[in-house]
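Student: Sending over a structure as structure tokens; questions will come in a sec.
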Amino acid sequence: LYRGPFAQATADWMNKNGGLLRLEDFRNYHIKLRQPVITTYRSCQIVGFPPPSSGGVHVAQILSFLERFDLKKMGANSADFVHVVSEAMKLAFADRAYWLGDPDFAKVPRGLVSKDYAARLAAQIRLDRVLPGAEHGTPDRADEDVFEKHTTHFSTADAAGNWVACTATVNTSFGCKIVVPDTGVVLNNQMDDFSAQPGATNYFGLVGAEANAIAPGKRPLSSMSPTIVLKDGRPILSVGAAGGPTIISQTVLAIINTIDFGMSPESALAQPRFHHQWKPDELLVEKRIGEKVLRELEERGHKLKVVDSLGAAQAVGVNPNGPGFVGAHDPRVEGRAAGW
């Protein structure tokens, strides 16, 4: 792909139309295999995608914050539940803005996913009110112990024991809205995922710091969060989502609904969703969460932005009634789960 007819066709088109990519840029690009981010949540092992995606780090981080709370006792979709989980999201996204970037260029601390660090930050969460002025934390040995240097998700599993969680993206809808002639390939606008300057927002309202600044050969930060959950060493859930930074929140909620509340994949994806990304300081929440919960959240200091629908997730889980699998497609969008 990077050295064949597609690369040549794209380079030719760029040359004719004032684009920046050249054939040598394709030749210099290499796929990188990286070690996954692995943590535990309750009695399960969580395996996620490493930087330069922020998904694996912050799915793991949010879940580690939430281990300190009895979410099952709070109840699914209660005001307590939404408040605590959204505060955990806020803390994680504050860290994302400061620390996350391409580990080949920036020092991304492994301590972001440590249980001790999670305990320190989670201790800031109050049940009765929002955390004012949340800022990023600093893990132990942050400069030393570091990671080595339009979105679609699908999850699948087979009888041979193979499980896959795959997320692909061109960033925003139809990327940069250009198709290279005779290829059918839509060019992405992934450059928007870099931080143009510290504190400046991108298309999704996210801010970043020097760790995610633009540099030659550098890969931009993303929120892709393909995740596989294991129990007793066996996969029980493959999940991921589309929707910019809400991907992280959607994935976390699907995992919580599965592990804490014992929901099937279909039920886990159908639950009301919410999302907080630190900046802007607003809690996105689907309106079907209910007026009572919305009112209680406002009383605790949340600035709400009520939306009809949030994101699109896909999942595969084990069949609780026998052999095989259970596939789930997000009811918010067109599509279906299939098996054969």
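Student: Highest first, please rank the peptides 269-277, 313-321, 180-188 by the mean number of other Cβ atoms sitting within 10 Å of their residues.
Tutor: 269-277, 313-321, 180-188
Student: Same structure again: If you find the alpha carbon centre of the range 19-82 and of the range 148-223, how far apart are they in angstrom?
Tutor: 15
Student: Using the structure shown, list the pairs from Lys73/Lys305; Lys32/Lys287; Lys231/Lys305; Lys218/Lys305 with a Cα-Cα distance above 30 Å, or answer none.
Tutor: Numbers: Lys73/Lys305 26 Å; Lys32/Lys287 41 Å; Lys231/Lys305 36 Å; Lys218/Lys305 34 Å.
Going by Cα-Cα distance, Lys32/Lys287; Lys231/Lys305; Lys218/Lys305 fall outside the 30 Å limit.
Student: Continuing with this model, one more query. Please report, to two decimal places, log10 I(q)/I(0) for the range 228-340 at q = 0.18 Å⁻¹ as given by the Debye formula with identical point scatterers on the Cα atoms and no solvent.
Tutor: Debye curve over Cα of the range 228-340, log10 I(q)/I(0) at q = 0.18 Å⁻¹: -0.92.
Student: Going by how many other beta carbons lie within 10 Å of each one, how would you line up Leu294, Leu253, fewest first?
Tutor: Ordered from fewest to most neighbouring Cβ atoms within 10 Å, Leu294, Leu253 come out as Leu294, Leu253.
Student: Per the Cauchy relation, a quarter of the hull surface: what is the mean projected area of the convex hull of the alpha carbons in the chain, in nm²?
Tutor: 18.1
Student: Among all the lysines, which ones have a C-alpha under 18 Å from Lys177's C-alpha, if same-chain residues fewer than 8 places away are not counted?
Tutor: Correct list for Lys177: Lys16.
Student: Okay, next question. Nearest 500 deg cm²/dmol is fine: what mean residue ellipticity at 222 nm does the chain get from its DSSP H runs of n ≥ 4 alone, each adding -39,500 (n - 2.57), divided by its residue count?
Tutor: Computed mean residue ellipticity for the chain: -8000 deg cm²/dmol.
Student: Considering only His275, Val164, Gly339, whose Cα is most displaced toward the positive end of the charge dipole of the chain, charges sitting on Cβ of Lys, Arg (+1) and Asp, Glu (-1)?
Tutor: So the residue furthest toward the plus end is Gly339.
Throughout, read-outs are computed from the coordinates displayed, never taken from laboratory work. Quantities reported herein were computed from a predicted structural model and do not represent experimental measurements. All Cβ positions, even for glycine, are placed from backbone atoms using ideal geometry, and neighbour counts span all protein chains on display.
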